[in-house]
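A short write-up of the structure that comes next.
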Amino acid sequence: MEIQTQTEMKSWLSETPKCTTFRFNRLKKFDINVLHEFLYAQGKELNTNQIPKYYLLRPDCLILERWPDDVVLENTGKEVIVDALCAAAVLRGAHVFAPGVMGLPVSCQIGDRVDIYGDLEKHCKRGLKVKYEGQKQYVGVGCLKMLRSDLFDDGVQPSGIAVHTILPASKLPVVNESIYGKGEVLLQNLPSIVCGWVVDAQPNEYILDMCAAPGNKTTHLAEMSGDKAFITALDKTPSKAAKIKESCDIQGVTCVSAFAFDSTKCCSEESKGINNGPPFPPNSFDKVLLDAPCSGLGQRPQQFMNKMTPKMISSYKFVQRKLLAEAIKVLKIGGKLVYSTCTITEEENEGMIAWALEKFPCLKLVPAEPLLGGPGLPNRGLNDEQRLMVQSFGPHNDELRPVEDLYKNSIGFFIAAFVKLP
Ligand code: SAM
């Protein structure tokens with residue numbers, strides 16, 4: 001067993017995932033020629049006739065690789081400085097949106113090719129005119145779409161694309177709205193797609209998605225059931241719950257009822273029944289997905305300073321425990337509970353599973369199949385048999401279950417599954 005040192009983990013987190021993943025919405029038809037043409041058009045701007053390789057993984061997941069190494073663009077010497085979030089998005093293939101721009105030289109004109117740099121220390125003042133001398137990282141080349149006056153003049157509230165990314169430094173293809181069409185395809189991290197596969201929604205099942213916004217997993221569950229499951233999606237924040245409805249409309253999903261509701265209170269003996277919205281009576285659902293609010297430390301790339309304090313990171317376990325306890329109440333006996341996070345901390349992952357197994361004797365850990373990620377980490381409260389039943393996505397090498405590179409190269413993520421015993 002090769003134990004990942006903190007430095008190795010830090011270095012893995014600082015890198016961009018090596019491919020982009022899309023989920024096909026099988027309720028609609030996606031014409032693969034759209035992707036082909038989309039990539040050829042990008043190739044034109046890059047002076048190449050090649051396109052990145054892509055392939056299907058199961059019927060609903062498409063893996064898109066990077067541009068070949070010999071596709072390069074010269075630096076232009078004109079620097080645009082963007083904030084940390086924006087820089088990470090550019091590395092994953094996004095355009096630069098206006099609010100993310102911090103600095104732009106006075107001489108730059110619309111249509112100029114520019115080098116995009118991320119502000120590593122968050123010290124760049126908005127509106128900088130001169131070369132930024134702080135720590136910065138090159139994240140790609142793009143074409144300027146806005147002037148300084150559009151971005152920084154008094155009273156301006158900039159929106160829209162400020163720099164059209166042409167080639168991210170990560171060599172991932174640029175992904176933008178034109179590929180999404182009318183909800184036929186959506187961008188989703190590979191482990192999140194795996195999480196849907198683990199839930200394995202079937203027609204006529206009653207399913208609760210407890211923390212559902214913006215609804216990417218909810219719509220996956222609906223789509224895999226052929227829009228025939230009975231899915232309830234909750235999110236505490238009303239504006240976010242509205243997003244779930246929006247996602248369902250775009251993707252042609254009709255079997256979801258979404259509510260703004262605090263899932264730590266979603267079970268009540270006084271409920272008027274499952275069809276009347278939350279709270280629900282005990283033992284209501286065949287399957288429950290708890291994609292928990294978490295510290296999010298599995299997101300990549302993360303070379304830009306993370307401002308989360310150890311105290312903040314440690315605080316998530318309390319709400320996760322409350323949500324888990326409620327999930328168990330509303331799950332039917334014999335039903336399946338899937339717990340997931342997009343983080344890498346032991347206390348939100350393996351530690352949470354160990355806590356739940358000790359606290360709730362009615363819970364039985366079962367393999368979170370299909371098992372595509374690595375086993376749970378050692379010495380974090382789970383024995384080897386239990387470690388093999390969960391999946392942890394990260395850079396770990398573990399002889400208990402070797403993992404294909406594809407699954408090591410996405411984001412940090414964790415999935416566990418339980419059944420409820422009588
Ligand atoms: N499952 C979502 C998807 O795949 O699109 C992502 C969910 S995100 C990891 C966690 C969500 O939990 C956030 O949208 C947050 O608003 C919501 N949340 C946090 N506390 C909650 C609570 N007590 N009840 C319901 N939702 C909550």
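Computed from the coordinates by the stated procedures, all read-outs in this text should not be read as laboratory data. Predicted model only: the values in this text are computed from it and were never measured. Because the Cβ atoms are built from the backbone with ideal geometry, glycine has one as well, and the counts that use them run over all protein chains shown.
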Seminar exercise, completed: Too long for a 24 Å Cα-Cα cut-off, among K78/K122; K287/K322; K18/K44; K10/K78; K10/K171, are K10/K78
Exercise. So how strong a dipole does segment 190-420 carry about its Cα centre when Lys and Arg Cβ are +1 and Asp and Glu Cβ are -1, to the nearest 20 debye?
Worked result: 600 debye
Seminar exercise, completed: The distance between the Cα centres of segment 64-130 and segment 315-364, in whole Å, is 41 Å
Seminar exercise, completed: In the chain, taking the dipole from +1 charges on Lys and Arg beta carbons and -1 charges on Asp and Glu beta carbons about the Cα centre, the listed residue (G373, S314, L234) farthest towards the positive end is L234
For this session: Just check segment 145-247 against the gyration tensor rule for me: Cα atoms, a ≥ b ≥ c as the square roots of the eigenvalues, rounded for a/c under 1.5, and otherwise prolate or oblate depending on whether a/b exceeds b/c.
Result: prolate
Problem set entry | Dipole in debye (nearest 20) - segment 79-168, about Cα centre, beta carbon charges: Lys, Arg +1; Asp, Glu -1 | 80 debye
Seminar exercise, completed: Between the Cα axis of helix 238-251 and the main Cα principal axis of the chain, the angle (0 to 90°, nearest 10) is 80 degrees
Exercise. Which of the listed residues, P278, V80, Q50, is farthest toward the dipole's positive end in the chain, when Lys, Arg count +1 and Asp, Glu count -1 at the beta-carbon?
Worked result: P278
Exercise. What is the Rg over Rh value, at two decimals, for segment 221-354, using alpha-carbon atoms and the Kirkwood definition of Rh?
Worked result: 0.99
Exercise. Pairs K240/K265; K265/K332; K243/K364: which are spaced more than 25 Å apart, C-alpha to C-alpha?
Worked result: K243/K364
Problem set entry | Pairs of Cα atoms farther than 23 Å apart, segment 190-420, % | 45 percent
Exercise. How large is the dipole of the chain about the Cα centre if only Lys and Arg carry +1 and Asp and Glu carry -1, each at its Cβ, rounded to the nearest 20 debye?
Worked result: 700 debye
Exercise. Just the C-alpha atoms of the chain: what Rg/Rh do they give, with Rh taken as the Kirkwood radius?
Worked result: 0.99
